[in-house]
1. Ranked by Cβ crowding within 10 angstrom, fewest neighbours first, how are F197, F76 ordered?
2. Less than 13 Å Cβ to Cβ from V174, Lys/Arg counted +1 and Asp/Glu -1: what total charge do the surrounding residues give?
3. Per 0.36 nm of contour for each residue apart, how much would the distance between L66 and V233 grow if the chain were fully extended, relative to their Cα-Cα spacing?
4. For the chain, how big is Rg over Rh, using alpha carbon atoms and the Kirkwood form of Rh?
5. Treat the count of other C-beta atoms within 10 Å as a stand-in for reagent exposure and order V206, V65, V39, V174 from fewest to most.
6. Would you kindly derive the ³J(HN,Hα) couplings of the range 93-110 from the backbone phi angles with the Karplus curve 6.51 cos²θ - 1.76 cosθ + 1.60 (θ = phi - 60°), listing them in order in whole Hz, with x for Gly and Pro?
7. Per DSSP helix of 4 or more residues, -39500 (n - 2.57); summed, then divided by the residues of the chain. What does that give at 222 nm, rounded to the nearest 500?
8. Just flag the GluC sites (Glu not before Pro) in the range 143-207 sitting in loop per DSSP whose Cβ has no more than 12 other Cβ atoms within 10 Å.
Amino acid sequence: MAEPFSWVPAGINTDVPSAARVYDYLLGGGHNFASDRMVGEKVLQILHDGRAIASSNRSFMRRAVLLMMEQGIDQFLDLGSGIPTVGNVHEIVQQENPDARVVYVDYDEVAVSHSQLILEGNDNADVVQADMCQPDQVLSDPVVTNLIDFSKPVGLLMVAVLHFVSDEKGPAEVVARYRDAVPSGSLIALSHLTADFKPQEMGAVVEAMQHSRDPMYFRALTEFEPVFAGMEVLQPGVVPAPKWHPELGPAGEGGPEDVYVGVARKP
């Protein structure tokens with residue numbers, strides 16, 4: 001039975017947790033259901049710094065966007081964008097450049113519904129309900145083709161989403177399809193949770209998420225680095241989130257290193 005909130009899309013099964021809403025809960029957001037909070041609490045019981053890990057990942061996204069803007073990029077495609085919270089991509093970029101364009105892509109109904117609400121009246125930002133693992137569908141969507149000019153460099157964001165892509169779906173192949181679609185000079189920001197530092201705890205998190213809509217697949221650095229194939233990885237390389245350009249903003253120096261991150265340029 002749906003919870004009595006006006007932002008809940010009709011027909012959604014609130015008893016099935018989703019990654020977007022669990023992440024929203026870990027970030028302190030309010031667009032989640034009892035099922036999501038139950039999973040979130042289970043994660044926090046296992047992974048005591050779970051909120052700090054989520055926050056560190058979010059901070060990386062902000063720093064990556066700032067770096068992209070410094071490189072002259074003014075259009076962004078945010079894949080697996082999740083539920084909007086303070087410091088969304090469009091808020092970051094349009095504060096500096098009101099003409100900057102942003103398209104969010106997510107398949108979670110609540111994420112899309114809430115994005116539509118906050119983007120109402122913003123002609124330079126929109127949202128698409130689609131599965132990022134179907135690049136052809138995403139790239140041909142009228143919202144994407146209307147706002148993103150693929151003759152100019154694009155800022156492509158796949159932040160905290162690849163660990164929901166199974167080996168069968170081929171995370172490297174998904175990234176490669178988007179890489180091939182954007183022009184030279186585009187920048188691609190990727191982040192991925194890992195069990196390299198806390199194998200036992202992260203294994204339990206995988207178990208906690210296995211009955212959600214979005215099972216998780218943590219990968220080692222040696223498995224994540226090949227996803228950047230065909231691109232020039234910018235300094236400092238593929239590193240734990242706190243070590244990636246802390247000079248661009250709060251990076252949680254000394255904080256959890258359970259997220260590998262990197263930004264690469266398409267040559």
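1. On the way: F197 11, F76 27.
So the residues, fewest neighbours to most, are F197, F76.
2. On the way: positive: K169, R177, R179; negative: D131, D136, D167, E168, E173, D180.
In short, -3.
3. Details: separation 167, 0.36 × 167 = 60.12 nm, distance 1.66 nm.
Net length gain for the segment: 58.5 nm.
4. On the way: Rg = 17.3 Å, Rh = 18.5 Å.
Checking Rg against Rh, the ratio lands at 0.93.
5. Numbers: V206 15, V65 29, V39 23, V174 20.
Fewest to most other Cβ atoms nearby, the residues stand as V206, V174, V39, V65.
6. Couplings: 7, 6, 5, 8, 9, x, 8, 5, 10, 9, 10, 9, 10, 7, 9, 6, 4, 5 Hz.
7. Details: 10 runs with 99 residues, N = 267.
One gets -11000 deg cm²/dmol as the mean residue ellipticity at 222 nm.
8. Passing both the DSSP loop test and the Cβ count: E168.
Coordinate-derived values only; no laboratory data. Values in this document were obtained by computation on a predicted structure and should not be read as measured data. So basically every Cβ, Gly included, is an ideal-geometry build from the backbone, and we count neighbours across all protein chains shown.
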